[in-house]
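Encoded as structure tokens, the structure appears first; notes follow it.
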Amino acid sequence: MGDTGTSGPPRTIGPLQKREVRLAWSLLFPTIAIVSAVVVLPLLAIFWISFKPIGLADLRPPGPVVREALRGAGEEARIEYRVRNSSQSEAINGVTLSDVVPDGVTVRELDERCEISGLRINCVIGELEGGARDRISVFVTIRGDEAAAEAAIEDSEPAMTGSGKNILTNLEFTLANFAKIFDGKEFWGVLGATLFYTVFGTVGALVVGLFAAMLLNREFRGQGVLRGLYLFPYVAPVIAVAFAWVILLDPFSGSVNELLVQMGVVDEKINFFGDRPLALIMVTVFEIWRYFPLSFLFILARMQSIDSDMYEAADMDGASPFQKFWYLGLPQLLGILSVLFLLRFIWTFNKFDDIFLLTGGNAGTRTLTVNVYEQAFAVSNIGAGAAVAVVIFFCLLLFAYVFFRTMSQEEGL
Amino acid sequence: MHVLRYGYVAGPLIGAFWAPVMAIVACITVSFLTGEGLRPTLIPCAALGFWLGYAGLPARGRELAPRLVRAGLLAVVPALAILLLGSAIVPAADATPVHAVALAWVIFVLASVWPVRAMLRPLPHGRATRHEFEEAVIRFLTGFGYVFFTAIVAVPFYVMVMTSLKNQSELLQNPLDFTIDLSKGWELLRSYQELFADFNFGSYLWTSFYISVITVLLTLLFSVPGAYAVARLRFKGQKAFSRSILLIYMVPMIVLALPIYIAFSMAGLRNTVIGILLIYPVTTIPVALYMLQGYFRGLPAEVEEAGLMDGLNRLQVIWKITLPLALPALASVSLYVFMIAWNEFLLAFMLLDDPSKFTLTRGIASLDSSEVPRQHLMAGAVISTVPIMTLFLGLERFMTKGLTAGSVKG
């Protein structure tokens, strides 16, 4: 790129700036390297796996397994290798076996598939069908102590080769996973639960957070203490607070149920996390409870940076408290509220732990993220789990697009 | 709406809304303190509040005698309500002792009279200006807000701590009874003692602690140079880079956890602390980088340029000028990352099966079975909550800053 114009700044970069660019990339390199190893590679992997017919059991590729034993005595003494295929369904090819015969043992007669060179026996077994077993016997003469010879024979581990097709690395693809997850009512149920949880969880946390921020946006004794207290739900480990809720709302011996019965609100105890559609409402309430502190913190920070002059001017003009909030306060908060809404929307959409700990995805609370776990580990269908993950990822890209479009209009966080 | 703007309308209405709330609060408080069941009757409560909201209107120069007469006449409303529908707070069972009911009444009256009077202070008896009316409504909402938020935050933690001090039969007998028998002494802490003695919680605590600390160190090691480069150096792709950091920060963990589980199973890294230490920093580096670059941008560039003029190279500038200036930000980031690592559940749950390598969260998850009594589960929850809370309350200033800067990670 040459400098074509005669005016304006030079378009080439000088040596000083070149050095700066080099430094920048070398400072960024460690982060880029580790993040791509642990984030980008798994993301690519998830796409690959989502097109694979793979279950939890297929994670260990099929291979030959051998057990070696000395059998018989005297004339009948033989080393027996029992070979089997570790997989019940996949065939393995090119199976060979090789072992060393210890001192004090001489080979008399070999299986026809084997040959001996020096002390080493090499056998070619060839193909093993899924679930197939095979046996190779090598007749031997034992000099000296039989027990010692037996120990020596069983000490020398036979080496096996042979590999089946590894379902993870071969080029066999299928659309069955996607067909499975998009199939039928289940998918719409999951999507509906996800949308309900995300929309109401996000809006609820924002509104409750806004209310809390307005409460604390004034000077009084104990303000710091209350602010610290209101952050507790967010700071405590999710597993601790989720279990506290589960125990508090237990259908048989939970305190809340007991309280409601004693207060005469209900006659029968309520199964908060076990009944549709109450369970979904309850996990959403938990989400609001746990994340309102975050919205409250952000909104409070923004409120405290609003210039008080404006309010004083409004006071002079006789604006009432609600008018001041509606016409002066709220417009100033719109920026932070929209950014918070988008970010919280994405995070709520991504939430897994909370629902998993509260209901395990039962009673109509299975969201997309819980479905990943459900498919991959509960149903042991890793491929289907990966397919759900791919769906999530595309939703995320959509949200991120909207987010960046909005972010470039709003002042940054 | 305009009819509301008379003191003698708005006042009783505020009272009628406030008193039932306080009756419920009083009943719940007494139930949780004594274990006795109490029942608020809402309409008599509202009627009492209604009367209180009239009688409690500020005098503002009105004469005493007619005020008393009017208030006395209006006392018919609550009297009638109580006569027809029963007392405002009644025992749930015949066996409920009198002292519990009395305590609830005391709380109810105190929590109604004083706040209602405070709420009505801006209101005149007759027509109120918009200002006066809204001021009273705001006072009502504020009072309600404090009670509401304090209750919803405090109750789960109160139940968590109290449950951990009880035993199974007590809990089943009366789930409301959170009284603790102090005469039991150390026996109260039995669940904790058993967790440390029989369930290995000492080891979990230690594992969680050192994993979190190493995660903080590794995160800083990677994110400080990266954040500096993004904030200070000019290079092509800067914007794309900071956006992709934000994007990566949004990828849900469960999406990554699945391939990581597969890869770790194959590489034999599952069930190892090394494996966990490989993953945790990567989940926190994007956040840390994002927070730090914001802070670095806010530092005056002139100081660094002066350093460059004086012959330091960039790395020396970072080490000798930028980092010391950024110490508060580093503290915030460290605390925040520590919190994420300490609270992390999903990866620990998926990747660790061997009890000798459990982190605290994974250890608590293993207590969630029907064989382990619930006071153990709650004791585990308390053990995991107390350190992070102590850290948080001790360093709240940094933590709050870290959370706001650290944006909106879930």
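For chain B, modelled as a GNM whose springs connect Cα atoms under 10 angstrom apart, the maximal fluctuation among B:256, B:335, B:120 occurs at B:256.
With the charge dipole of the protein assembly as shown set up from +1 on Lys and Arg Cβ and -1 on Asp and Glu Cβ about the Cα centre, the Cα lying farthest toward the positive end among the listed residues B:215, B:201, A:284 is that of A:284.
Legend: mean number of C-beta atoms from other chains within 10 angstrom of residue C-beta atoms, peptide A:346-355, equals 5. Note on segment A:287-349 and segment B:293-318: Cα centroid distance 35 Å, given to the nearest whole angstrom.
With 20 Å as the limit, the listed pairs A:18/B:236; A:18/B:320; A:185/A:351 have A:18/B:320; A:185/A:351 beyond it between alpha carbons. Annotation: amide H of residue A:125 within the under-5 Å range of A:95, A:96, A:97, sequence separation 5 or more or interchain, hydrogens built in the peptide plane. Protein-only accessible surface at a 1.4 angstrom probe places the residues A:19, A:120, B:5 in the order A:19, A:120, B:5, largest first. Placing pseudo-labels 7 Å out from each Cα toward the beta carbon at residue A:161 and residue B:372 gives an inter-label distance of 4.9 nm.
Ellipticity at 222 nm from helices only: DSSP H runs of n ≥ 4 in chain A, each -39500 (n - 2.57), divided by the residue count, give -16000 deg cm²/dmol. Converting phi to 3J(HN,Hα) with the Karplus coefficients 6.51, -1.76 and 1.60 and the offset θ = phi - 60°, segment B:333-341 yields 4, 4, 4, 5, 5, 4, 5, 4, 5 Hz in sequence order, with x at every glycine or proline.
Between helix B:7-34 and chain B there is an angle of about 60 degrees, using the helix long axis and the longest principal axis of the Cα atoms.
Amide H contacts for residue B:90 (H built 1.01 Å from N in the peptide plane; partners 5 or more residues away or on another chain; cut-off under 5 Å): B:39, B:41.
Sorted on the mean count of surrounding Cβ atoms within 10 Å across their residues, most packed first, peptides A:89-99, B:380-390, A:130-140 read B:380-390, A:89-99, A:130-140.
Give me the angle, in degrees from 0 to 90, between the Cα long axis of helix A:184-216 and the longest principal axis of the Cα atoms of chain A, rounded to the nearest 10. Between helix and principal axis, roughly 40 degrees. Put simply, the C-alpha atoms of segment A:71-186 give a gyration tensor, and the ellipsoid matching it has half-axes of 42, 14, 11 Å, longest first. By the rule of a second cysteine Cβ within less than 4.7 angstrom, the protein assembly as shown holds isolated cysteines at A:395, B:27, B:45. Taking a Cβ cut-off of under 13 Å around residue B:312, the surrounding Lys, Arg, Asp and Glu residues balance to a net charge of -1, with basic ones at +1 and acidic ones at -1. Projected over every direction and averaged, the convex hull enclosing the alpha-carbon atoms of segment A:187-298 yields 8.8 nm². With only the Cα atoms considered, segment B:44-116 has a convex hull volume of 90 Å³ per residue. Charge dipole of chain A (Cα centre as origin; +1 on each Lys and Arg Cβ, -1 on each Asp and Glu Cβ, all else neutral): 1280 debye, rounded to the nearest 20. Inter-label distance, residue A:404 to residue B:395: 3.3 nm, where each label sits 7 Å from its Cα along the C-beta direction. The mean sequence separation of alpha-carbon pairs under 8 Å and at least six residues apart, normalised by the residue count of chain B, gives a relative contact order of 18 percent.
For segment B:38-71, which trypsin sites (Lys or Arg not before Pro) pass both filters: DSSP loop (anything but H, G, I, E, B) and at most 16 other C-beta atoms within 10 Å? Filter output for segment B:38-71: B:60, B:62. Remark: segment B:293-302, residue by residue, has Karplus-estimated 3J(HN,Hα) of 5, x, 5, 4, 4, x, 6, x, 6, 4 Hz, where x stands for each Gly or Pro and the curve is 6.51 cos²θ - 1.76 cosθ + 1.60 at θ = phi - 60°. Solvent exposure of chain A amounts to 48 Å² per residue of accessible area, where only protein heavy atoms count and the probe is 1.4 Å.
Taking 0.36 nm per residue of sequence separation and removing the Cα-Cα distance, the residue B:386/residue B:214 pair yields an extension gain of 59.9 nm. Reducing segment A:117-131 and segment A:47-84 to their Cα centroids gives an inter-centroid distance of 12 Å. For peptide B:145-155, the mean count of partner chain Cβ atoms within 10 Å of a residue's Cβ comes to 5.
Comparing A:380, A:86, A:156 in a Gaussian network model of chain A where C-alpha atoms under 10 Å apart are linked, the largest mean-square fluctuation is found at A:156. Shown in residue order for segment B:280-289 are the 3J(HN,Hα) couplings computed by the Karplus curve 6.51 cos²θ - 1.76 cosθ + 1.60 at θ = phi - 60°: 3, x, 5, 6, 9, 4, x, 4, 4, 4 Hz (x for Gly and Pro). Counts of other chain beta carbons within 10 angstrom of each beta carbon in peptide A:17-25 average 6.
Of the chymotrypsin sites (Phe, Trp or Tyr not before Pro) found in segment A:235-294, those in coil by DSSP whose Cβ has at most 11 other Cβ atoms within 10 Å are A:252.
Highest mobility in the GNM of chain A, judged by mean-square fluctuation with C-alpha springs under 10 Å and restricted to A:299, A:142, A:288, is found for A:142. Our summary of shape: the Cα atoms of the protein assembly as shown have principal axis extents of 126, 92, 54 Å, ordered from largest down, in whole angstrom.
The shape of segment B:258-310 can be summarised by an equivalent ellipsoid whose semi-axes, obtained from the alpha carbon gyration tensor, come to 40, 12, 7 Å from longest to shortest. If you look at the Cα atoms of chain A, you get an Rg and a Dmax of 33.9, 115 Å. Electrostatic tally near residue B:105: other residues with Cβ closer than 14 Å to its Cβ, Lys and Arg +1, Asp and Glu -1, net 0.
The values are calculated or read from the model by the stated rules, or taken from the named source; none is laboratory data. Nothing here was measured: the structure is a model prediction, and the numbers come from that model. Note that we place each Cβ from the backbone using ideal geometry, even for glycine, and neighbour counts take in every protein chain shown. To get the accessible areas, we keep the full protein, side chains included, count just its heavy atoms, and leave off ligands, DNA and RNA. Shrake-Rupley method; radii C 1.70, N 1.55, O 1.52, S 1.80 Å.
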